Amino acid sequence: MALSRMEVKCDGTERIPVDYVKGILQPTPTCDSWDQIWDFQARPDDLLICTYPKAGTTWTQEIVDLIQNDGDVDRTQRAPTHVRFPFIEWIIPSMGSGLEQANAMPSPRTLKTHLPFQLLPPSFLEKNCQIIYVARNPKDNLVSYYHFHRMNKALPDPGTWEEYFESFLTGKVCWGSWHDHVKGWWEARDQHRILYLFYEDLKMNPKHEIRKLGEFIGKKLDDSVLDKIVHHTSFDVMKQNPMANYSAVPAEIMDHSVSPFMRKGAVGDWKNHFTVAQNERFDEDYQRRMAGTSLAFHFQF
Ligand code: A3P
């Protein structure tokens, strides 16, 4: 249930406002439909891909689709990412709702969410669904999210880089605090059917991580299929793929001329954005908030 409506700094155009759902900022169409989202009925053979925004969701979706289709690229060209994978809490009035899209989809479905663990609709756990969680180091995640806010009118205007840096650190961004998100799913991983992966591992050793994904999904992939999937899900190939680079979303919502969806796909780009002072502040905050967790990230190669 939405708690309090919040004014956000908009750029004076058609940005969607945000509000709170149980303490987590969300675009208001999500808040307004929260009861239906919470009641979402998962099916036992659903596969859920879950991430904090900008942690490599689209990349993982493309890999999973290719695994499910034995590396058949023509099959994965059937529709753009957002059509192939219903995003259960996402509603854009002009584009429709992930909930309706999911309900209309025949099984087996592969679904997407950015919800923190405590907001996951309970039926996913009741039905013992398989869940893939992907985490990305928070500095690159922050940078990527900042640029995504700039180009995506379905999110609030990020303000200046300095303002956004503070919003991210205080968790006043859509889907809430990065720290709580990655920790919440990390703590849940052993009690449920959750495969917890890292963006940096995918980048460093894609073949190994894709094989791991295949094993989790129950697909044994031979070497030539694995190599094909590695190739088709490389950053440069996906950037040119209109079914995987979000160019199919209307430009009034995602304006790739402001910042392309497939922006850099790198580990360590934060060094081009963080000042020394910001980095020190980030590290001090990170040590405090991540103390006691066994979670560890690569911040550079
Ligand atoms: P950058 O903004 O750092 O480039 P999501 O899909 O969760 O929204 O994440 C988007 C981020 O993943 C973007 O990061 C995007 O470039 C990156 N990405 C998408 N496909 C990728 C790929 N094949 N390899 C590496 N990074 C990829």
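Note on A79 and R281: their simple-model spin labels are 4.4 nm apart, each label 7 Å out from Cα toward Cβ. Taking the stretch 87-218 as the region of interest, the number of lysine pairs whose Cα atoms are within less than 30 Å, with members eight or more places apart or on different chains, is 25.
With a Förster radius of 22 Å applied to the beta-carbon distance between K207 and H298, the computed FRET efficiency rounds to 0.80. Where only DSSP H runs of four or more residues are counted, the chain gives -11000 deg cm²/dmol as its mean residue ellipticity at 222 nm, each run worth -39500 (n - 2.57).
Taking amide H positions as modeled 1.01 Å from N, with prolines and chain starts lacking one, the residues under 5 Å from Y196 and 5 or more places away or on another chain are Y133. For the set W38, W161, W175, solvent exposure ranked by accessible area (probe 1.4 Å, protein chains only) runs largest to smallest as W38, W161, W175. Would you tell me the accessible area of S224, worked out with a 1.4 angstrom probe on the heavy atoms of the protein chains, in Å² to the nearest 10? Accessible surface of S224 is approximately 80 Å². Counting charges near Q26 (Lys, Arg +1; Asp, Glu -1) among other residues having Cβ under 10 Å from its Cβ returns a value of -2.
Of all DSSP-defined beta bridges confined to the chain, some 40% are antiparallel rather than parallel. Distance from the alpha carbon centroid of the stretch 101-116 to that of the stretch 219-275 works out to 21 angstrom. With the simple spin-label model, which puts each label point 7 Å out from Cα in the Cβ direction, the W161 to D222 separation comes to 5.0 nm. About its Cα centre, the chain has a charge dipole of approximately 340 debye under the convention of +1 per Lys or Arg Cβ and -1 per Asp or Glu Cβ, with nothing else charged. Computed from backbone phi with θ = phi - 60° and the Karplus coefficients 6.51, -1.76 and 1.60, the 3J(HN,Hα) list for the stretch 197-214 is 10, 10, 3, 5, 5, 4, 6, 6, 9, x, 4, 4, 6, 5, 4, 4, 4, x Hz; x is used for glycine and proline.
Beta bridges from DSSP with both residues in the stretch 1-154: antiparallel share about 45 percent, rounded to the nearest 5. The stretch 121-184 and the stretch 35-98 have Cα centres lying 17 Å from one another. About its Cα centre, the stretch 138-210 has a charge dipole of approximately 260 debye under the convention of +1 per Lys or Arg Cβ and -1 per Asp or Glu Cβ, with nothing else charged.
The fraction of accessible area contributed by carbon and sulfur in the chain is 52 percent, rounded to a whole number (1.4 Å probe; ligands and nucleic acids excluded). The heavy atoms of D39 offer some 100 square angstrom of accessible surface to a 1.4 angstrom probe. Per residue, the chain exposes 43 Å² of solvent-accessible protein surface, assessed with a 1.4 angstrom probe and all protein chains in place.
Extending 7 Å from the Cα toward the beta-carbon at both L195 and K22 defines two label points whose distance is 2.6 nm.
The values are calculated or read from the model by the stated rules, or taken from the named source; none is laboratory data. Given the structure is predicted, the values throughout are model-derived calculations rather than measurements. Neighbour counts run over all protein chains shown; Cβ positions are idealised from the backbone, glycine included. We work out accessible area using only protein heavy atoms, side chains counted, and drop any ligands, DNA or RNA first. Shrake-Rupley method; radii C 1.70, N 1.55, O 1.52, S 1.80 Å.
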